[in-house]
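Notes to accompany the following structure.
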C-alpha cells in the first residue's frame with residue numbers, strides 16, 4: 001500500500017485544508033503565527049458530520065494503535081510494561097493496566113480498552129483492525145472517551161520511557177505501522193490525536 005499523501009489547499013482564514021488520499025475527507029489545519037514561529041494546529045472542519053469526524057480521528061488512531069501493539073507485544077517491551085505498572089491478566093500472555101476509568105489489556109493478538117462501567121470496548125486486533133463494541137469505530141461520547149484513555153496511556157508511557165532511557169532509545173524501539181508503512185513517532189502522534197479528540201469530545205457534549 002502506498003504511503004499516505006496529503007494535498008493542501010489554502011483556506012480563507014489563513015489555514016490549509018488537507019485532503020487525505022486514503023479517506024478523501026478534508027481535514028483542517030490552521031497556521032497560527034506566534035512571533036517568528038508558525039504552529040501547525042489541526043482541527044476538525046466546521047460543519048463536519050460524525051462520519052467525517054470519525055475518519056479524521058481514524059487517520060491518527062489506526063497507525064498509532066497498530067504500531068503500539070506491535071511494540072508492546074514484543075518480549076523486551078513487555079519487561080518495560082511490567083516496570084510501568086502493567087500486571088499479568090488471567091489469559092496467558094496478556095498484560096493489563098487500570099487507567100482513568102478503563103482497563104487496557106495487551107496480548108499477542110490484540111490491544112483492548114474496556115470501560116470500567118461497562119459502557120464500551122475499543123479494540124485493535126492484528127489482521128482485523130480497529131473496532132468499537134465489535135463494530136466500526138464511531139466518534140460517540142463513549143468511543144471518544146475510550147480512544148482518549150488509551151491515547152493518554154500511550155503518551156504517558158512514551159514520556160516515561162524517554163525520561164528513563166533517553167529520547168534516542170525511545171525512538172530506536174521502532175514504531176512501524178503496517179497500515180500505511182511509515183515509522184510512527186508515538187509521542188508526537190498522541191499529541192496530534194489528543195487535539196482531534198478534544199475537539200470532538202466538546203462537540204458531543206453540545
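FYI, it's all coordinate maths here, none of it is from the lab. If you're wondering where the values come from, they're calculated on a predicted model, not measured in any experiment. Neighbour counts run over all protein chains shown; Cβ positions are idealised from the backbone, glycine included.
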Square roots of five times the Cα gyration tensor eigenvalues for the range 50-204, Å: 23, 18, 15
Residues 116, 66 arranged by fewest to most Cβ contacts within 10 Å: 116, 66
Residue 203-residue 103 FRET efficiency (beta carbon distance; Förster radius 35 Å; 0.05 resolution): 0.85
Span from the the range 145-169 Cα centroid across to the the range 60-92 one, whole angstrom: 11
